[in-house]
Structure formats: structure tokens, C-alpha cells
Amino acid sequence: MAIPEGLAVSDPSIVKSSETPPFPIERYLPKVGEDARIAAASTELIKKCMAGFQLQYQAPSASPETLDSDENGANRPRRYGISSISLAEANGYHLPKEFLGDKTKAQLAPHMSEAEQKVFIGDQDPLVGVKAGDKVNGKVIPQGGCSGEAQRRLNIKPRQRMAEKINNVSFVRSQENPQVKKVFQDWSSCMANSGYSYKTPLDPLEKIVGSSPTPAEISAAKADVKCKDSVNLTGIWFAVESKIQDELIARNEETLNSDSKEFDALVRRASNELATS
């Protein structure tokens with residue numbers, strides 16, 4: 001996935017940090033809601049399978065908001081660091097509550113009994129000690145246990161990788177681009193004028209401490225957003241990264257389209273399963 005070192009963007013648009021447009025790769029990235037529907041359908045199938053062994057299976061349930069979410073791995077609100085003055089004022093560099101989710105609903109499933117482990121995982125884990133033909137409550141454990149059976153029912157294959165790879169590669173490669181490095185320097189100089197010493201907008205994210213922001217952190221985050229907007233950091237970085245993505249998409253379009261078709265079919269199977277469960 002080599003990208004020309006001389007890649008440059010002429011006259012990049014001015015973009016406020018809080019208004020980052022969609023990236024080219026987003027049309028290929030799975031949505032949070034789609035992944036949640038697949039996970040929810042798998043959970044329902046596992047529950048039915050476990051019930052056949054007179055066992056229960058409990059797993060965290062996704063909220064309706066999560067199941068309908070159009071968010072994806074591009075993570076626009078946080079991709080280039082803090083992006084909103086209002087969020088900076090409320091949370092500094094810390095993630096807002098809506099990013100963290102409801103932890104009361106995200107608890108891990110209760111500890112499984114030995115029988116439940118055997119039926120759930122089957123022969124996928126040698127440490128569980130399940131062999132072909134082993135039974136629990138008089139019924140033969142399916143290959144891969146109930147979790148493996150759910151994967152087969154939904155025909156879950158390794159999820160699409162090319163779109164996620166491009167999403168990650170473009171982010172890393174964009175930071176090596178001369179235009180992006182220059183705007184990093186401009187942003188860093190602006191931050192220095194306010195008394196803060198950071199080389200890149202990602203540096204502050206590595207120094208978050210505690211469970212809530214201090215007044216000093218809030219002040220730094222507010223200065224960060226103002227400096228981003230004053231040097232058009234988001235506009236330049238977005239333009240360069242989008243161009244990198246466009247080149248990678250053009251080279252891998254056939255794979256991306258094939259991945260998307262497979263994933264869309266999987267989402268339909270999951271949605272159908274949920275509709276009948």
C-alpha cells in the first residue's frame with residue numbers, strides 16, 4: 001500500500017474541527033449498528049442452542065440506539081483529537097459519557113458453569129476438554145459448541161478487512177505527509193503561544209489522567225480546538241488523508257466491493273434472524 005511521498009493537495013477547503021466531512025472509505029466501513037445486529041442475532045441463536053441442553057446463556061443486550069447507529073470506524077469526532085469547544089469545556093480531553101456507553105448494561109456475562117462452558121465453546125478451546133461426540137444432559141455438543149453453531153447458521157466469515165486496513169493505513173500515512181507535518185508545526189506553535197508544549201494533536205490524548213478533567217486540562221483542550229481552527233489543521237489533514245484513501249480505494253475497489261456484498265448479506269441474515277426470534 002505504498003503512497004507517493006510527494007502527494008499534495010492544492011487549496012484544501014477550510015474545515016472547522018467540529019464539522020469533519022465523511023471520509024471516502026466510510027462507504028465501505030461497517031456501521032456500529034450493523035455489527036451490533038450481527039452480535040445480537042448470534043446471541044439469540046446461542047440462547048436457543050443452549051436451551052436445547054437445558055442451560056441458559058446470558059449476554060449484554062445492545063440498546064436500540066446502538067442497533068440503529070450509523071457510526072463507523074472512521075471515528076470522525078475524535079479522529080484528529082478533540083474537535084469541539086463544547087466538548088472541551090465539558091470533558092477536556094476525556095471521552096464524553098455517550099462515547100463510553102452505559103456500563104451498567106455492558107457488564108460481562110456471569111461466570112459459566114463447567115457444563116455451560118462445554119456447550120458454549122465446544123471443541124474450539126482444547127482447555128475445555130470437549131471431544132467429538134461428547135454429551136451434556138444427554139445431547140451431543142455441536143462442533144464448536146453453540147457459539148460455533150451460531151456462526152455457521154449466520155455464515156459468519158472473517159469480517160471485511162480491506163476497508164478497515166485502508167482506514168488505518170491512511171491515518172498513519174497521512175501523518176508522514178509534508179503538508180500535514182507543516183500544519184502540525186503551525187498548530188504546535190499556536191499551542192506554545194498559549195503555554196502548551198505538544199508536537200502533534202494526538203500527543204495530549206496520551207497524557208489523560210484521572211476519571212474526570214481538571215481545569216488545566218479543560219483550558220488546554222479549548223486552546224487545542226481554537227488552534228486547530230486557526231491553522232485549518234482539520235481541513236488540511238482531511239484533504240490529504242482523503243486523497244490517500246481515494247488512491248487506495250481505486251487500487252482495491254474489486255476487493256472492497258466483494259467484501260461489502262458479503263457483509264451486507266450477513267447483515268440481512270442477522271436482521272432476518274432477529275425478526276423471527
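Given the structure, is Ala74 at pLDDT 95 or above and either in contact with a Leu (Cβ under 8 Å, 6 or more places away or on another chain) or polar (S, T, N, Q) (or both)? Explain how you work it out, then say what you get.
Details: at pLDDT 95 or above: yes; either in contact with a Leu (Cβ under 8 Å, 6 or more places away or on another chain) or polar (S, T, N, Q) (or both): yes.
For Ala74, the condition - at pLDDT 95 or above and either in contact with a Leu (Cβ under 8 Å, 6 or more places away or on another chain) or polar (S, T, N, Q) (or both) - is met.
Suppose we filter Thr200, Thr234, Thr255, Thr214 for residues that are within 20 Å of Ile14 (Cβ to Cβ) and touching a residue at least 24 places away in the same chain (Cβ under 8 Å); which single one remains?
Values: Thr200 fails: within 20 Å of Ile14 (Cβ to Cβ); Thr255 fails: within 20 Å of Ile14 (Cβ to Cβ); Thr214 fails: within 20 Å of Ile14 (Cβ to Cβ).
Answer to the check: Thr234.
When you scan the stretch 116-209 for helices (runs of 4 or more DSSP H) that lie fully inside it, which ones turn up with 3 or more residues that are at pLDDT below 95, of a type outside the set (Phe, Trp, Tyr) and under 23 Å from the mean Cα position of the chain (by Cα)?
On the way: elements: 145-154, 162-174, 178-193.
In the stretch 116-209, no matching helices (runs of 4 or more DSSP H) lie anywhere.
Can you tell me which of (1) aliphatic (A, V, I, L, M); (2) closer than 30 Å to Ser86 by Cα; (3) without any contact (Cβ under 8 Å) to a residue 24 or more places away in the chain is the one Ala221 doesn't meet?
Ala221 satisfies every listed condition except (3).
In this structure, does Thr214 turn out to be closer than 27 Å to Lys97 by Cβ, over 19 Å from the mean Cα position of the chain (by Cα), of a type outside the set (Asp, Glu) and buried (at least 17 other Cβ atoms within 10 Å of the Cβ)? So that I can check it myself, show each step before the final result.
Numbers: closer than 27 Å to Lys97 by Cβ: yes; over 19 Å from the mean Cα position of the chain (by Cα): yes; of a type outside the set (Asp, Glu): yes; buried (at least 17 other Cβ atoms within 10 Å of the Cβ): no.
So Thr214 fails the test.
Please verify whether the stretch 169-177 includes one or more residues that are within 24 Å of Ala8 (Cα to Cα), in contact with a helix residue (DSSP H, G or I) (Cβ under 9 Å, 6 or more places away or on another chain), loosely packed, with under 14 Cβ neighbours inside 10 Å and not aliphatic (A, V, I, L, M).
Narrowing the stretch 169-177 to residues within 24 Å of Ala8 (Cα to Cα): 169-177.
Keeping just the survivors that are in contact with a helix residue (DSSP H, G or I) (Cβ under 9 Å, 6 or more places away or on another chain) gives 169-171, 173-175, 177.
Among the residues that remain, those that are also loosely packed, with under 14 Cβ neighbours inside 10 Å are: none.
For the stretch 169-177, residues within 24 Å of Ala8 (Cα to Cα), in contact with a helix residue (DSSP H, G or I) (Cβ under 9 Å, 6 or more places away or on another chain), loosely packed, with under 14 Cβ neighbours inside 10 Å and not aliphatic (A, V, I, L, M): absent.
The values are calculated or read from the model by the stated rules, or taken from the named source; none is laboratory data. Values in this document were obtained by computation on a predicted structure and should not be read as measured data. All Cβ positions, even for glycine, are placed from backbone atoms using ideal geometry, and neighbour counts span all protein chains on display.
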